[in-house]
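Contents: one structure, followed by commentary.
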Amino acid sequence: AISKQKGKFQLADTGTLFLDEIGDMSLNTQSKVLQAIQEKKILPVGSEKEIQVDVRIISATNKNLREEIANNRFREDLYHRINVIEIKVPDLNDRREDIPLLIDFFLEQIAQESHTDKMTMEKPAIKFLQSFDYTGNIRQLKNIVERLTILCDATITLSDVQHYL
C-alpha cells in the first residue's frame, strides 16, 4: 500500500457495514469477507498485523443466492453467515400501487437537489407509468423520472412520457 487508508471493515468497526450487490462479489472476495466475519479480524493491505473488528453486516442483492450457490458462484458458508434475517422486497412490478408515491418522492428529491420548483405529473402519465414493465425496478423508475424532469416542462403529461420512453 502506498498510503495508510482504512478499509471498509476498519471504518465500520463497532458499527454497520452495508455490502450492496453481494451476489456479484468474486469468490476470492467472498472468502475474505467470510473470514472477517467469522474471526472478527482483518489484515489491512500493507500490514503484517491483524486487527480486531466488530462489524454488523447488512447486505443486498438482486440475485437468488441459493441458485448462485447451486451454480458454484456464491459460497454457502458465507450465505449462512449473512442470512440471519432475510427481508424480501417484492419487485416494483409486483407493487404498482407504490409507483405514484415513488414518482412524487423522486420529483421532490430532484427539486431539492437542483434547487428548483417541484414538477408535477398528470394522472394519465402516472397511470401509464404504472402499466410499464420495470425490469430495472426502482432504479429504472427513478431514471425515467429524472429524464422527464430534464426534458419536460413544469407539468409532465402522458404524451411527454410516451415520447421520452
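Computed quantities for the displayed model
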item: Flag for residue 127 being of a type in the set (D, E, K, R), surrounded by 11 or more Cβ atoms within 10 Å (Cβ to Cβ), under 29 Å from residue 150 (Cβ atoms) and in contact with a helix residue (DSSP H, G or I) (Cβ under 6 Å, 6 or more places away or on another chain); result: no
item: Residue 105 being open to solvent by 80 Å² or more (accessible area, probe 1.4 Å), under 25 Å from residue 60 (Cβ atoms) and among the aromatic types (Phe, Trp, Tyr); result: yes
item: Residues of region 8-23 satisfying the condition of being within 27 Å of residue 69 (Cα to Cα) and open to solvent by 90 Å² or more (accessible area, probe 1.4 Å); result: 8, 18
item: Extreme residue, nearest to residue 15 (Cα to Cα), among residues of region 57-79 that are of a type in the set (D, E, K, R) and modelled with pLDDT of 95 or more; result: 77
item: Residue satisfying condition, being under 18 Å from the mean Cα position of the chain (by Cα) and open to solvent by 70 Å² or more (accessible area, probe 1.4 Å), within set 40, 63, 4; result: 63
item: Yes/no for residue 15 being farther than 30 Å from residue 134 by Cα and modelled with pLDDT under 95; result: no
item: Residues satisfying the stated conditions in region 43-58, i.e. among the β-branched types (Val, Ile, Thr), open to solvent by 80 Å² or more (accessible area, probe 1.4 Å) and closer than 19 Å to residue 82 by Cα; result: 58
item: Entirely in region 44-143, the helices (runs of 4 or more DSSP H) that have 1 or more residues that are more than 30 Å from residue 7 (Cα to Cα); result: 65-70, 99-114, 123-131
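So that you can scan it fast, the table gives a plain yes or no per residue for (1) closer than 14 Å to residue 98 by Cα; (2) among the basic types (Lys, Arg); (3) more than 26 Å from the chain's Cα centre (by Cα):
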| site | (1), (2), (3) |
| --- | --- |
| 116 | no, no, yes |
| 128 | yes, no, no |
| 131 | yes, no, no |
| 135 | no, no, no |
| 141 | yes, no, no |
| 144 | no, no, no |
| 148 | no, no, no |
| 152 | no, no, yes |
| 157 | no, no, yes |
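Conditions tested, residue by residue: (1) in contact with a helix residue (DSSP H, G or I) (Cβ under 7 Å, 6 or more places away or on another chain); (2) among the β-branched types (Val, Ile, Thr).
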| site | (1), (2) |
| --- | --- |
| 54 | no, no |
| 79 | yes, no |
| 88 | no, no |
| 109 | no, no |
| 138 | yes, yes |
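The values are calculated or read from the model by the stated rules, or taken from the named source; none is laboratory data. Because the structure is predicted, anything quoted here is derived from the model rather than measured. Don't worry about glycine lacking a Cβ; one is built from the backbone with ideal geometry, like all the others, and counts go over all protein chains shown. The area values use the complete protein model at the heavy-atom level, side chains included, leaving out ligands, DNA and RNA. Shrake-Rupley method; radii C 1.70, N 1.55, O 1.52, S 1.80 Å.
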